[in-house]
Amino acid sequence: MSAKTLYDKLWDSHVVRENDDGTSLLYIDRQLIHEVTSPQAFEGLRTANRQPWKLSANLATPDHNVPTTDREQGIADPVSKLQVDTLDSNCDYFAITEFKMNDIRQGIVHVVSPEQGATLPGMTLVCGDSHTSTHGAFGTLAFGIGTSEVEHVLATQCLIQKKSKNMLILVNGQLNKGVTAKDIILAIIGKIGTAGGTGYAIEFAGDAVRSLSMEGRMTMSNMAIEAGARAGMVAVDDTTIEYVRGRPFSPDKEHWQQAVEYWQNFYSDADARFDKTITLEAGDIKPQVTWGTSPEMTIAIDETIPDPASESDPVKQEGMRSALSYMGLTAGKAISEVPVDVVFIGSCTNSRIEDIRAAAEVVKGKNVSAAIKQALVVPGSGLIKQQAEKEGLDKILLAAGFEWREPGCSMCLAMNADRLEPQQRCASTSNRNFEGRQGQGGRTHLVSPAMAAAAAIAGHFVDLQSIADNSYLVEDSYLVDDSYLVDDSYLVDNSYLTNKG
Amino acid sequence: MEKFTKMTAIAVPLDRANVDTDAIIPKQFLKSIKRSGFGPNLFDQWRYLDHGEPGMDNSTRPINPDFILNQSRYANARILLARDNFGCGSSREHAPWALEDYGIRVIIAPSFADIFYNNCFKNGLLPIILPAAMIDELFNAVFANEGFQLTIDLQQQKITSEASSGSVFDVSFELDKFRRHCLLEGLDEIALTLEHAQDIRIYENKQKEITPWLF
């Protein structure tokens, strides 16, 4: 049998039938559902008098519209409330497992599913959300779909798909201190552009990727879509398997060994052929800050804002000009001199326990700058919030002047009450710096959690490595201490579970 | 789904790259639980001078006269001429719903983001990819000739213009056979897939042996 890539193996193992026209009917093992892209799909199902094909394949939770402040009063915005209520009633009606707003397991779908073991290696996973690429970190074929396809998967457990091309992104060597998965992926997008991965499924590989925790790998896969690729994957290894072990939806004892042996096949064969290969040296990557209105507009913290005049392509040049104007920035200015109004630590990119630890490590014993109007930490799930509180991270962050919120998508896209005012500038750990993304007129700079936390303290972007007191960088315990992966008692203790999926 | 066969209409040029789905339909309008009614809020933050929210009377809102869709010469446009990577960003199908509700049936660009491209076909929209040089020519022709119209013939896979409109175009475009067929016939993809229900069951039975933990 000829050599295959990870993507080839995932694809081939899910083809139900091949059609004459080059499309395939692809089987979908897991569908995640949230309130924004599902109501019209459920309505379509009802109208056509169809039933979900395989109930247990679906897992739902509201995330985009939920408030991150006190939830006892429910959702104030009636339009948001209707959407969340509609998800609840649809899940009740069709008997789909849902973690409702006040369930401790509720959170951002892309955080909740891996945490619950609902994301497993070797599976196909979809969701009506472009950041579904996140789950590729597990050696999973995961991609975002539209609402019509959500309905299609509900009704048939399949999708009609055409295979993408294979792209390999190799990140060789080791990262410098203070450089994280977020910086790698931003550097990649800066290099290949937001359309660089269009038509491809990306596999991230190389020593620097291999040495990342699952949280870090999820951060990278999450933003594959910002490089244009619907799917971004990392091959299965011991880190993957150890993460999955013992989670509520993971295989039980009876099937565990069989599952591990099966999962260990999900890597690219040594002589597998890729349509395109991109190589980066980890040691060259510095902490990144985006300066414009597209994730490809990124520079290192020690660089200056680029000059549109240096761009030869007229369409790109115009894009740069309009980005500078929207962002209220001038070419040539050092990014480290740009003052920040708001700091947002959260989103499906960076709201996991490792991210919160990284932020807490930076701000420990320090105070948020008086220039900062708001500094928010929004954990990715109720269970992460609980774990962070167990570790005392909430107290460190609160003492420094951060707000400590309930889980949800929050200011990543401002569908709930958390949003920027016009012209406010935000250091954000989210994934998109599009115009108006965090609130109309708001200006987003994408950074890692440690960089966001450092900006909160300094009041402007700052090179982590240039801060005098950088004991946290020397210590670096938050990067290597992954005892929580083994300990993880907050998940193993799943007495709260009633439905084991 | 509405069929698409052949159409002649005015093309409106949106001359910027990387137009994302947040720009096509801002997130505050995603709170609707319906499929229709998004047209008045298409490109909301470029089209109006104030901040739009669901439930507003859009007919009384201040219009941005500089935005291309608001110029009277493009009032009845049903074809959108766009630049690279159109529809990037979020997977929201509200983006094609908004375009369709506004009246756009065809989008012509040098490249599209994958999810958006895919979503178009589920909603009777035809996204056409042409080489960048040809897109440049189309932009020039549209800017130079008021009332410039194109005829899109899906059966023939051709884009043509009338000589009287100022510039002559007669180009072919490529399209996946399955997608072309579904658009021409206005087919329900779910019904097509359910014709293969037996194949799906056979696959599941095989997988129950290989990955029993998923069943």
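The values are calculated or read from the model by the stated rules, or taken from the named source; none is laboratory data. The shown structure was predicted, so the numbers you read here are calculated from the model rather than taken from an experiment. So basically every Cβ, Gly included, is an ideal-geometry build from the backbone, and we count neighbours across all protein chains shown.
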With respect to the numbered conditions (1) at pLDDT below 95; (2) farther than 22 Å from A:Leu25 by Cα; (3) of a type in the set (Lys, Arg), which one is the sole condition not fulfilled by B:Lys158?
-> (1)
Six or more apart or on different chains, Cβ under 6 Å: which pairs go from a residue in segment A:231-250 that's within 14 Å of chain B (Cβ to nearest Cβ) and closer than 19 Å to A:Ala208 by Cα to one that's of a type in the set (A, V, I, L, M) and outside any helix (DSSP H, G or I)? Could you list them?
-> A:Gly232/A:Ile202
Using beta carbons and a limit of 7 Å, which pairs, at least six apart or on different chains, have the first residue in segment A:75-93 and within 17 Å of B:Lys34 (Cβ to Cβ) and the second one of a type in the set (Val, Ile, Thr)?
-> A:Lys81/A:Ile75; A:Leu82/B:Ile33; A:Gln83/A:Val36; A:Gln83/B:Ile33; A:Val84/A:Val66; A:Val84/A:Ile75; A:Thr86/B:Ile33
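Is it the case that A:Leu120 is assigned to a helix (DSSP H, G or I) and buried (at least 24 other Cβ atoms within 10 Å of the Cβ)?
The answer is no for A:Leu120.
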Qualifying residue in segment A:383-396 (condition: over 20 Å from the mean Cα position of the chain (by Cα) and in a loop (DSSP other than H, G, I, E, B)) = yes
Any hit, segment B:38-54, residues being assigned to a loop (DSSP other than H, G, I, E, B), facing another protein chain (nearest Cβ under 9 Å) and in contact with an Asp or Glu (Cβ under 8 Å, 6 or more places away or on another chain) | yes
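Is it the case, given these coordinates, that A:Lys177 is more than 14 Å from chain B (Cβ to nearest Cβ), closer than 25 Å to A:Leu212 by Cβ and surrounded by fewer than 24 Cβ atoms within 10 Å (Cβ to Cβ)? Step through it out loud before you land on a result.
Values: more than 14 Å from chain B (Cβ to nearest Cβ): yes; closer than 25 Å to A:Leu212 by Cβ: yes; surrounded by fewer than 24 Cβ atoms within 10 Å (Cβ to Cβ): yes.
Criteria met by A:Lys177.
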Among what's in segment B:188-210 and is within 15 Å of A:Leu25 (Cβ to Cβ), of a type in the set (Asp, Glu) and in a helix (DSSP H, G or I), pick the residue that is farthest from the other protein chains (Cβ to nearest Cβ).
-> B:Glu204
Given (1) touching a strand residue (DSSP E or B) at 6+ places or on another chain (Cβ under 7 Å); (2) within 13 Å of another protein chain (Cβ to nearest Cβ), B:Ile68 misses just (2)
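Kindly indicate whether any position in segment A:35-50 is more than 11 Å from every other protein chain (Cβ to nearest Cβ) and more than 27 Å from the chain's Cα centre (by Cα).
The first filter runs over segment A:35-50 and keeps only residues more than 11 Å from every other protein chain (Cβ to nearest Cβ), leaving A:46, A:49.
Of the ones still in play, those that are also more than 27 Å from the chain's Cα centre (by Cα) are A:46, A:49.
Scanning segment A:35-50 turns up at least one residue that is more than 11 Å from every other protein chain (Cβ to nearest Cβ) and more than 27 Å from the chain's Cα centre (by Cα).
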Identify, please: which residue in segment B:10-34 is of a type outside the set (A, V, I, L, M, F, W, C) and more than 15 Å from the chain's Cα centre (by Cα) and is, among those, surrounded by the fewest Cβ atoms within 10 Å (Cβ to Cβ)?
-> B:Lys34
